[in-house]
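Let me begin by presenting the structure, written as structure tokens, before commenting on it.
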Amino acid sequence: MHVRVAPRSRRIDVLQWPVIGSFLRWRHARTALQISLLAVSLLVVVDGLLASHVDPTDFATTITWVHYRGLLVVALLAAGNLFCAGCPFVLVRDAGRRIAPPKFAFPRWLRTKWVAIALFAAVLFCYELFDLWALPRATAWLVLAYFGAALAVDLVFTGATFCKYLCPIGQFNFVASLCSPLELRIKEADTCHTCRTVDCIKGTRSAETPGVVLQRGCELRLFLPSKVGNMDCTLCLDCVHACPHDNIALAGRLPGAELTDPRRRSGIGRLTKRWDIAALVVLFTFGSLMNAFGMIAPAQAVEAWISRTFGFASEAPALAAVFAAVLVAAPLVLLGSGAQITRQVARDRIHSATQIAVNYTYALVPFGFGVWLAHYGFHLLTGALTIVPVTQRAAINLFHQAALGPPMWRLTGMRPGAVFPIQVGFILLGTMGSLAAAYQITEREYPDRVIAALAPWIALIAWLAAVALWILTQPMEMRGTGLLG
Ligand code: SF4
Ligand code: SF4
């Protein structure tokens with residue numbers, strides 16, 4: 001068993017920090033976070049259901065599509081998967097399981113990311129097709145659908161089935177958290193070697209009544225001594241609370257370094273053998289471009305041209321064609337070409353082109369994350385203060401009086417021009433991260449032919465960066481920042 005340990009010399013353990021560490025080690029820290037997010041979710045649902053059909057400046061739409069998404073990526077960049085840690089769906093699910101505990105294991109053949117990938121793509125598609133950012137009621141129903149789905153799935157199947165195999169938000173967070181600066185890992189390998197109870201995975205059981213679980217272990221099936229990186233970790237801290245030897249640290253690390261780590265991971269296996277996770281990374285990366293592209297004028301022009309050319313009467317088929325081009329055809333052509341060239345120039349007779357493409361796909365994560373940060377960060381920074389007037393108006397809608405004062409619509413956020421350099425910075429940072437990851441993968445796979453084997457991937461990543469920067473320079477719709485006008 002290979003054991004991954006926080007190196008002693010430069011060990012950072014957030015769990016030992018004053019205040020933050022004390023809070024995280026508090027047994028009810030997660031519940032406190034979940035209750036906070038549950039309260040916000042309920043406000044979104046109530047406000048959204050009471051709001052008019054279309055209103056991009058409503059509380060439900062603004063909080064969901066501007067603040068929630070923006071803070072989610074900022075948290076992933078600054079710390080890790082905090083929004084899975086505070087997930088309110090899991091709180092409701094846990095309450096439901098007290099009444100009706102699940103009895104079935106999720107079928108083995110479904111224990112992949114393929115269904116989640118389809119759901120993730122469907123959410124991106126529906127967001128563009130229906131302009132969900134402007135629809136309070138639809139947003140409220142989407143939140144309710146999430147609660148219902150998590151509850152329905154996890155009342156039937158044991159463990160964290162919904163989180164690990166189905167939740168689109170969770171998959172987004174899992175991939176982005178590969179670039180986060182913190183991860184949970186063990187402190188001392190010897191302690192785990194001599195550990196007889198392995199509570200971090202099994203949970204802590206009552207000595208008097210062994211059937212009673214006092215503290216659950218990892219529901220995502222990540223065994224800490226052989227856990228590598230953040231994939232599938234919801235940062236729930238159940239393992240920390242369960243370990244009887246206080247042997248788990250929330251350790252600092254080099255963001256993205258795990259992308260090139262070929263070791264077998266507990267609960268996952270080797271990344272290079274997980275084609276479904278590679279496909280998820282493709283969706284994450286090219287989806288970031290698709291989501292940003294959908295906001296600019298040329299996207300409308302392309303859709304209109306497709307509709308005219310093929311005689312489509314509605315937007316859906318034209319949008320589906322754009323999605324297919326960006327999310328399926330472009331990755332197949334780009335990654336396939338890169339892999340074929342590398343295979344030729346490196347004279348690789350062992351690996352198939354598909355396997356080479358899978359190996360290098362993981363290098364795209366930092367770039368994709370940079371684009372998501374640039375996009376969601378734009379909305380967050382230009383609309384940060386809108387939380388004040390939309391909350392004031394929500395109070396008026398709910399209580400029929402200005403309980404929080406008249407809405408101060410002049411409060412918005414930074415000017416788009418001032419945010420532009422920050423967006424460029426995120427894209428360049430992500431691009432450099434992807435180039436570094438591609439270099440390390442090449443050194444690992446082709447140490448004798450690094451430059452030749454790496455060249456197509458430098459070209460591919462540079463081309464993607466140029467596309468992302470081009471999208472940034474196009475006029476964007478002021479989604480969620482309509483208050484500017
Ligand atoms: S319970 Fe703690 S000491 Fe035992 S294997 Fe898990 S992390 Fe290691
Ligand atoms: S390793 Fe498992 S138990 Fe520990 S924080 Fe991650 S998901 Fe939770």
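Here, each number is a calculation from the coordinates, and none is a lab measurement. Quantities reported herein were computed from a predicted structural model and do not represent experimental measurements. All Cβ positions, glycine included, derive from the backbone under ideal geometry; neighbour counts span all protein chains shown.
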- Query: If you count the DSSP beta bridges with both ends in the chain, what percent of them are antiparallel, to the nearest 5?
  - Reply: 85
- Using a/c under 1.5 as the rounded threshold, could you call segment 6-120 rounded, prolate or oblate? The axes a ≥ b ≥ c are square roots of the C-alpha gyration tensor eigenvalues, and prolate needs a/b larger than b/c, oblate otherwise. oblate
- Taking θ as phi - 60°, what are the ³J(HN,Hα) couplings along segment 160-173 by the Karplus curve (6.51, -1.76, 1.60), each to the nearest whole Hz, with x for Gly and Pro? 9, 4, 4, 4, 6, 10, 10, 5, x, 5, x, 5, 4, 5
- Task: Taking H placed 1.01 Å from N in the peptide plane, check which residues at least 5 places from Ile248 or on another chain put their amide H under 5 Å from its amide H.
- Result: Lys187
- Mind running the shape call on the chain? Use the C-alpha gyration tensor, a ≥ b ≥ c as the square roots of the eigenvalues: rounded below 1.5 for a/c, prolate if a/b tops b/c, oblate otherwise. oblate
- Item | C-alpha center-to-center spacing [segment 282-342, segment 361-408] in angstrom | 27
- Task: Please get the size of the charge dipole for segment 271-484, origin at its Cα centre, with Cβ charges of +1 on Lys and Arg and -1 on Asp and Glu, quoted in debye to the nearest 20.
- Result: 120
- Message: I'd like to know which of Asn230, Gly217, Ala249 lies farthest towards the positive end of the charge dipole of segment 199-300, counting +1 on Cβ of Lys and Arg and -1 on Cβ of Asp and Glu.
- Response: Asn230
- Item | Amide proton proximity set for Leu182, modelled H, under 5 Å, gap of 5+ | none
- Task: List the relative contact order of segment 1-126 as a percent without decimals, with contacts defined as Cα pairs under 8 Å and 6+ residues apart.
- Result: 22
- Note on the structure: For segment 271-484, averaging the sequence separation of alpha carbon pairs under 8 Å that lie six or more residues apart and dividing by its residue count, the contact order in percent is 26
- Query: In debye, nearest 20: dipole of segment 191-250 around its Cα centre with unit charges on the Cβ of K, R (+) and D, E (-)?
  - Reply: 160
- Query: For the chain, what does -39500 (n - 2.57) per DSSP helix run (n ≥ 4), summed and divided by total residues, give at 222 nm, in deg cm²/dmol to the nearest 500?
  - Reply: -18000 deg cm²/dmol
- Task: Give the distance, in whole Å, between the Cα centre of segment 56-91 and the Cα centre of segment 153-201.
- Result: 20
- Message: Explain nothing, just compute: Karplus ³J(HN,Hα) = 6.51 cos²θ - 1.76 cosθ + 1.60, θ = phi - 60°, for every residue of segment 303-312 in order, whole Hz, x for Gly and Pro.
- Response: 4, 5, 5, 4, 4, 5, 5, 9, x, 6
- Query: How large is the dipole of the chain about the Cα centre if only Lys and Arg carry +1 and Asp and Glu carry -1, each at its Cβ, rounded to the nearest 20 debye?
  - Reply: 1280
- Task: Enumerate the calculated ³J(HN,Hα) couplings along segment 76-89 in order (Karplus 6.51 cos²θ - 1.76 cosθ + 1.60, θ = phi - 60°), each rounded to whole Hz, writing x wherever the residue is Gly or Pro.
- Result: 5, 6, 7, 9, x, 7, 5, 6, 6, 4, x, 4, x, 4
- Item | Percentage relative contact order, the chain, counting C-alpha pairs under 8 Å, at least six apart | 18
- Query: Once Lys and Arg get +1 and Asp and Glu get -1 on their Cβ, which of Val419, Ile186, Leu469 lies farthest toward the positive end of the dipole of the chain?
  - Reply: Ile186
- Note on the structure: Gyration tensor on Cα atoms of segment 271-484, a ≥ b ≥ c root eigenvalues, a/c under 1.5 rounded, else prolate if a/b beats b/c, else oblate, says prolate
- Query: Expressed as a whole number of Å, what is the distance separating the alpha-carbon centroids of segment 411-435 and segment 115-133?
  - Reply: 24
- Quick one: which residues, 5 or more positions from Gln215 or on another chain, have an amide H under 5 Å from its amide H? H modelled 1.01 Å from N in the peptide plane, none for Pro or chain starts. Thr204
- Query: Taking +1 at the Cβ of each Lys and Arg and -1 at the Cβ of each Asp and Glu, which of Ala121, Thr62, Ala32 sits farthest along the dipole of the chain towards its positive end, judged by Cα position relative to the Cα centre?
  - Reply: Ala32
